[in-house]
1. Would you confirm whether any residue within the range 74-95 is assigned to a loop (DSSP other than H, G, I, E, B), closer than 18 Å to F51 by Cα, among the polar types (S, T, N, Q) and more than 20 Å from the chain's Cα centre (by Cα)?
2. I need a count of the residues in the range 358-396 that are among the β-branched types (V, I, T) and not in a loop (DSSP other than H, G, I, E, B).
3. Within the group T64, T79, which residue is of a type in the set (S, T, Y), open to solvent by 10 Å² or more (accessible area, probe 1.4 Å) and touching a residue at least 24 places away in the same chain (Cβ under 8 Å)?
4. With (1) open to solvent by 20 Å² or more (accessible area, probe 1.4 Å); (2) at pLDDT 95 or above; (3) part of a helix (DSSP H, G or I) as the list, and A277 as the residue in question, which single condition is left unmet?
5. Output yes when any residue across the range 175-195 is surrounded by 13 or more Cβ atoms within 10 Å (Cβ to Cβ) and in a helix (DSSP H, G or I), and no when none is.
6. Six or more apart or on different chains, Cβ under 9 Å: which pairs go from a residue in the range 240-252 that's in a loop (DSSP other than H, G, I, E, B) to one that's of a type in the set (D, E)? Could you list them?
7. Only one of (1) modelled with pLDDT of 95 or more; (2) open to solvent by 20 Å² or more (accessible area, probe 1.4 Å); (3) not basic (K, R) is not met by E170, so which one is it?
Amino acid sequence: MATNTLRLLKELADIQKNPDQAIYVSYNEDDITNVRALIMGPPDTPYEYGFFEFNMQFPRDYPTSPPKVNAITTNGGRTRFNPNIYAGGKVCLSILGTWRGEAGEQWSSAQGIESVLLSIQSLMSANPFENEPGYEAGGQKEKSYKAEQEQYCQKIQHETFRISILQRLEGYMRINSSTGRVNPLEDISHLSPAEREAEEHKRAHLEPFTDLCKRLFRYYYPTYMRTISRERGKVQDGQQFTIMPFEYGGNQMGGKFSYHELERRMNAVKAVIDAEAETWVKQGAEATKNDEGISASLQLQFDQTYQHFLGKFEGTVMLELIENNPFCWRMIYIGRPMTNLDGGLFRIKMVLSQRFPEEQPRVMFETPIYHVNITSDGVPYYRPRRTDDIKSHIEALIDVLESEQLSPDPRTWMNLDAAQLYFGKPEDQREYRKAFRRAVQRSSEY
């Protein structure tokens, strides 16, 4: 195996094992020199929790030479998301050789996939206006551009929602953006047998990042809606975007604001994603009735997991299948004595797809809880050690509940009001503990 292939395989494996930087990669094992990457927009920026895709082509002499990187999230080549990320897909970075840089900023073989993606992610700053040469300090000597800086961020925030999140998810799920309804699959009966087989194979396998983006949407939906509520007060629906001094021709971000429409589409996407879990339950029941292999596999995994937790967490964790459906699990967590969870009883529902683990479980706290890492409607942020092992998912959920030191990383904050208290002043922290204990005490009522 060629040296550059070994290097690429190691780099890709390292990123897939440790997606802590909110960068994700996908590739075909038949051609690992063509890599698709997804960068999640950093918090507290106009790109916050958006989904930005890039294509990376690696030359035969990699890592001696850098990869060629092209932006995919451009609204079909019509939208420039950053002074350094053009509508045509060009990414201007000195380490890629697409922009002049200072000494020491050029590519070297010590760099790799992660450093390139983190460099692109760093362009998605709180004030991207300053990325444009000559505007680094917010303007040029003869003029200040404070108003334009704010206007630039406002339109990037709007288009992050519209293009990077909504267009992507509506495309994945065939949602009509005007009606919010799911379009039926196209009839393929007229195709030749070979064409039909190819289309059926394509439908049986998800596009890269499909399930990831759905899961991230479930996490950050409350944040999206809070931001929409805040931003819609700053602009008028129908108001045209301001064109920046460095935007021109087809290399700009044009358009108009329509937060009322974005809110409607966000809610439609959420409704379709929520409904998918119920579809999985029905499909699972049918698969179980027909004795399909995936059903037997999940039943075996449940039996083994049940025994594992019976021995390791006796009196704390119980498992059951809802209506004897191996695609629909319920975890019951009983708070340990002498802990903050003492007296608590929490029911957590886990729904699995027939595509598991390609599609990860949809997890929902059925019992309300006030927690930094759990949305107000019960969606938890958690990271299983092994995504293909449900036992790992359950252990990660237990860690969420029992952890006494929560992460200061805002990407893990699912309940923003709770996070403000937990990471606030001492009196705020006391309020958080009180609210948490109230939720624990009330949990047995549900």
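1. The answer is yes, given that some residue of the range 74-95 is assigned to a loop (DSSP other than H, G, I, E, B), closer than 18 Å to F51 by Cα, among the polar types (S, T, N, Q) and more than 20 Å from the chain's Cα centre (by Cα).
2. Adding up the residues that qualify gives 4.
3. Exactly one residue qualifies, and that residue is T64.
4. (1)
5. Checked against the condition, which is being surrounded by 13 or more Cβ atoms within 10 Å (Cβ to Cβ) and in a helix (DSSP H, G or I), the range 175-195 yields no hits at all.
6. Pairs found: F241/E159; T242/E148; M244/E132; M244/E148; P245/E132; P245/E148; F246/E132.
7. Every listed condition holds for E170 apart from (2).
Yes/no matrix, rows are residues, columns are (1) open to solvent by 10 Å² or more (accessible area, probe 1.4 Å); (2) in a loop (DSSP other than H, G, I, E, B):
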{"residue": "Q299", "(1), (2)": "yes, no"}
{"residue": "T305", "(1), (2)": "no, no"}
{"residue": "L310", "(1), (2)": "yes, no"}
{"residue": "G315", "(1), (2)": "yes, yes"}
{"residue": "M331", "(1), (2)": "no, no"}
{"residue": "P337", "(1), (2)": "yes, yes"}
{"residue": "G343", "(1), (2)": "yes, yes"}
{"residue": "R347", "(1), (2)": "yes, no"}
{"residue": "F356", "(1), (2)": "yes, yes"}
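The values are calculated or read from the model by the stated rules, or taken from the named source; none is laboratory data. Remember, it's a predicted structure, so these values are computed and weren't measured experimentally. Every residue, glycine among them, receives a Cβ derived from its backbone with ideal geometry; neighbour counts consider all protein chains shown. Ligands, DNA and RNA are stripped out before the accessible areas are found, and what is left, the full protein with its side chains, is counted by its heavy atoms. Shrake-Rupley method; radii C 1.70, N 1.55, O 1.52, S 1.80 Å.
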